[in-house]
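These notes concern the structure reproduced below.
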Amino acid sequence: MKRVVCAPNGTPGVPIGDVRYVLYNYGSRPGEGGVGARLIDEIRTMGLSAGQKAWDFLSIALAVLAADEGITRSDSPDGWTREITLTVAVADAGFWATQAASLAQALRFLTTDIWALDFIEGGVQPAPLRNRAARPETVVSLLSGGMDSLIGAIDLVAQGETPLFVSQVAKGDKANQIEFASRISPRSLHAQLNHKAVHPVISERSQRARSIIFFAFGALAAESLTGRAGRVDLIVPENGYISINPPLTPLRLGSLSTRTTHPYYLQALQRVLDAADLRAVLRNPYQLKTKGEMLTECLTPALLADLVGRSTSCGRYARSGFRQCGRCVPCLVRRASFHAAGQVDPTGRYRYDDLSLPGRAHRDFDDVRAVAYAWRVIQTDGFDAWLGGALNSAVNPDADGLRKTVRRGVTELGEFISNRLDP
């Protein structure tokens, strides 16, 4: 078991851990990392202000992200499942202790690790901003620079909403995020934020918990919409197929397929947000839509056509030299959506564009082979034989609707692969 300790500089009574991170600053001692440096000033400069529970949830999210990246899976007995004890400094340790089990359960589903959380006093307590004008935005919308979040933002404006856009800055996507926000809703605030995690150890690259920081930024932004009474929708635009992300092969069970927006995970986080009396309501309007359906049903198709070619879907974007690889699962789902919609893919040439070529770089790449395997199983044994127990109704309240969405989504993938690979 590894203990990760996350606390601001000067926090008294900080326990000794295997890895230590300074919250909201950079590490200053050997073997010490940092996460969230300059975030407080950046958030306040944007005019965003929130109560203590929102800041505490942001501290927890930063700590989870640091632990997820700071503890390598290769050191675990099975090469994947880690045992992580996470200590976080918050302003209200007593309250968050009541949520420790719920958070651990949500994180275990998300990353398939064994989590234990405990909380100490000494978390940041930024003073609320004075004399704030009421903001014009009506909802908060996550804007990653990806195709789904682009469609989600366009649809919100077409429906009469004024979104406050929240982006987690990613290298290679920053300029696109800015352009998308300004083109879609010029009146809206666009909060581009970065967790700035700096690790004292070799970083773990799987990053299964990365979405929690996005949700924490969004929840804090929702608290700032003082011009809107009551709850505030925090829009998480993600097509239903990739949200469920069913394992393509029997070797991709659990978090070997990412679960960053899985409905069970969103429901688990929502219970924590509700307990903290935070205003954000996590909502994915596209839970029962495939990516191809999102593309064809966008409410402002001309604007989408103008911007979508510059959106990013690739799961290996940085590793591919900031060019979409064309062969990872997110790229394949993207390419399949254009094929299903009968539209020319405006992305330009992918790094591995021709999937019919033999070899590990193209047709025999793991993700391409996995999609081809899944489609062959479906064709020979049927959809249910392939899906198995991936949609256990105990954790999916609308299992039938999700099942139909997954079926349509994998059909988009299968028909695209069949069109691209040699017989």
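The values are calculated or read from the model by the stated rules, or taken from the named source; none is laboratory data. The structure displayed is predicted, hence computed values, not measured ones. In this analysis, Cβ positions are derived from the backbone assuming ideal geometry, glycine residues included, and neighbour counts consider all displayed protein chains. Heads up: the accessible areas ignore ligands, DNA and RNA and are worked out on the full protein's heavy atoms, side chains in. Shrake-Rupley method; radii C 1.70, N 1.55, O 1.52, S 1.80 Å.
State which residue is farthest from Arg316 (Cα to Cα) when the search covers only the stretch 153-212 and only residues that are among the polar types (S, T, N, Q) and open to solvent by 40 Å² or more (accessible area, probe 1.4 Å). Write out each step before concluding.
Within the stretch 153-212, the subset among the polar types (S, T, N, Q) is 159, 162, 167-168, 176-177, 182, 185, 188, 192, 194, 203, 206-207, 211.
If we keep only those that are open to solvent by 40 Å² or more (accessible area, probe 1.4 Å) as well, we get 159, 182, 194, 203, 207.
Working: Gln159: 33, Ser182: 27, Asn194: 19, Ser203: 16, Gln207: 12 Å.
Only one residue fits best here, namely Gln159.
Just one of Asn392, Asn419 is surrounded by fewer than 13 Cβ atoms within 10 Å (Cβ to Cβ) and either outside any loop (DSSP other than H, G, I, E, B) or in contact with a Leu (Cβ under 6 Å, 6 or more places away or on another chain) (or both); which is it? Lay out the reasoning, then the answer.
Working: Asn392 fails: either outside any loop (DSSP other than H, G, I, E, B) or in contact with a Leu (Cβ under 6 Å, 6 or more places away or on another chain) (or both).
Just one listed residue meets the conditions, Asn419.
Look through the stretch 1-40, keep the residues that are open to solvent by 50 Å² or more (accessible area, probe 1.4 Å) and farther than 28 Å from Glu83 by Cβ, and return whichever of them is nearest to the chain's Cα centre (by Cα).
That would be Arg38.
Given the conditions (1) open to solvent by less than 30 Å² (accessible area, probe 1.4 Å); (2) part of a loop (DSSP other than H, G, I, E, B); (3) farther than 27 Å from Gly33 by Cα, and given that Glu238 satisfies all but one, which numbered condition is not satisfied?
Answer for Glu238: the failing condition is (1).
Filter the stretch 222-233 down to residues that are small (Gly, Ala, Ser) and open to solvent by 10 Å² or more (accessible area, probe 1.4 Å) and give me whichever is farthest from Ala134 (Cα to Cα). Reasoning before the result, please.
Here is the first cut: in the stretch 222-233, the residues small (Gly, Ala, Ser) are 222, 224, 227, 229-230.
Still in the list and also open to solvent by 10 Å² or more (accessible area, probe 1.4 Å): 227, 229-230.
Numbers: Gly227: 5, Ala229: 11, Gly230: 14 Å.
Within the stretch 222-233, the match that is farthest from Ala134 (Cα to Cα) is Gly230.
If Cys325 passes every condition in (1) under 22 Å from the mean Cα position of the chain (by Cα); (2) surrounded by fewer than 16 Cβ atoms within 10 Å (Cβ to Cβ); (3) not aromatic (Phe, Trp, Tyr) but one, which one does it miss?
Unmet condition: (2).
Quick one: Pro263 ticks every box in (1) closer than 27 Å to Cys328 by Cα; (2) open to solvent by 10 Å² or more (accessible area, probe 1.4 Å); (3) touching a helix residue (DSSP H, G or I) at 6+ places or on another chain (Cβ under 6 Å); (4) not hydrophobic (A, V, I, L, M, F, W, C) except a single one, so which number is it?
It fails just one condition, (3).
Being of a type outside the set (S, T, N, Q), open to solvent by 40 Å² or more (accessible area, probe 1.4 Å) and assigned to a helix (DSSP H, G or I) is the filter; apply it to the stretch 41-75 and report the residue that is farthest from Leu278 (Cα to Cα).
So the residue we want is Asp75.
Take the residues in the stretch 88-113 that are under 14 Å from Ile71 (Cα atoms) and open to solvent by less than 20 Å² (accessible area, probe 1.4 Å); name whichever of them is nearest to the chain's Cα centre (by Cα). So that I can check it myself, show each step before the final result.
Looking only at the stretch 88-113, we keep the residues that are under 14 Å from Ile71 (Cα atoms), and these are 111-113.
Next, from what is left, pick out any that are open to solvent by less than 20 Å² (accessible area, probe 1.4 Å): 111, 113.
Details: Thr111: 12, Asp113: 17 Å.
Here the answer is Thr111.
Looking at this structure, is Val124 open to solvent by 10 Å² or more (accessible area, probe 1.4 Å) and assigned to a helix (DSSP H, G or I)?
no
Do any residues in the stretch 267-288 that are more than 17 Å from Trp55 (Cβ to Cβ) and open to solvent by 50 Å² or more (accessible area, probe 1.4 Å) have Cβ atoms under 7 Å from those of residues that are polar (S, T, N, Q) and assigned to a helix (DSSP H, G or I), where the two are at least six apart or on different chains, and which pairs are they?
Filtered contacts from the stretch 267-288: Arg271/Ser102; Leu288/Thr405.
Here are some conditions: (1) touching a helix residue (DSSP H, G or I) at 6+ places or on another chain (Cβ under 9 Å); (2) surrounded by 13 or more Cβ atoms within 10 Å (Cβ to Cβ); (3) within 23 Å of Gly146 (Cα to Cα). Asp353 meets all but one. Which one does it not meet?
(1)
Do you know which residues across the stretch 77-87 are crowded, with 17+ Cβ neighbours inside 10 Å and either within 21 Å of Asn25 (Cβ to Cβ) or of a type outside the set (A, V, I, L, M) (or both)? Walk me through it before giving the result.
To start, the set of residues in the stretch 77-87 that are crowded, with 17+ Cβ neighbours inside 10 Å comprises 82, 84-87.
Answer for the stretch 77-87, where residues must be crowded, with 17+ Cβ neighbours inside 10 Å and either within 21 Å of Asn25 (Cβ to Cβ) or of a type outside the set (A, V, I, L, M) (or both): Arg82, Thr85, Leu86, Thr87.
Residues checked against (1) without any contact (Cβ under 8 Å) to a residue 60 or more places away in the chain; (2) open to solvent by less than 30 Å² (accessible area, probe 1.4 Å):
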{"position": "Ala340", "(1), (2)": "no, no"}
{"position": "Val344", "(1), (2)": "yes, no"}
{"position": "Leu357", "(1), (2)": "yes, no"}
{"position": "Arg360", "(1), (2)": "yes, no"}
{"position": "Arg369", "(1), (2)": "yes, no"}
{"position": "Ala374", "(1), (2)": "no, yes"}
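Where the second residue is assigned to a loop (DSSP other than H, G, I, E, B) and surrounded by fewer than 18 Cβ atoms within 10 Å (Cβ to Cβ) and the first is modelled with pLDDT of 95 or more and lies in the stretch 300-318, which pairs have Cβ atoms under 6 Å and are six or more apart or on separate chains?
Hits for this filter: Gly309/Pro346.
Regarding Ala219, is this residue part of a helix (DSSP H, G or I), open to solvent by 10 Å² or more (accessible area, probe 1.4 Å), farther than 28 Å from Thr72 by Cβ and hydrophobic (A, V, I, L, M, F, W, C)? Spell out the reasoning first.
Working: part of a helix (DSSP H, G or I): yes; open to solvent by 10 Å² or more (accessible area, probe 1.4 Å): no; farther than 28 Å from Thr72 by Cβ: yes; hydrophobic (A, V, I, L, M, F, W, C): yes.
It is false that Ala219 is part of a helix (DSSP H, G or I), open to solvent by 10 Å² or more (accessible area, probe 1.4 Å), farther than 28 Å from Thr72 by Cβ and hydrophobic (A, V, I, L, M, F, W, C).
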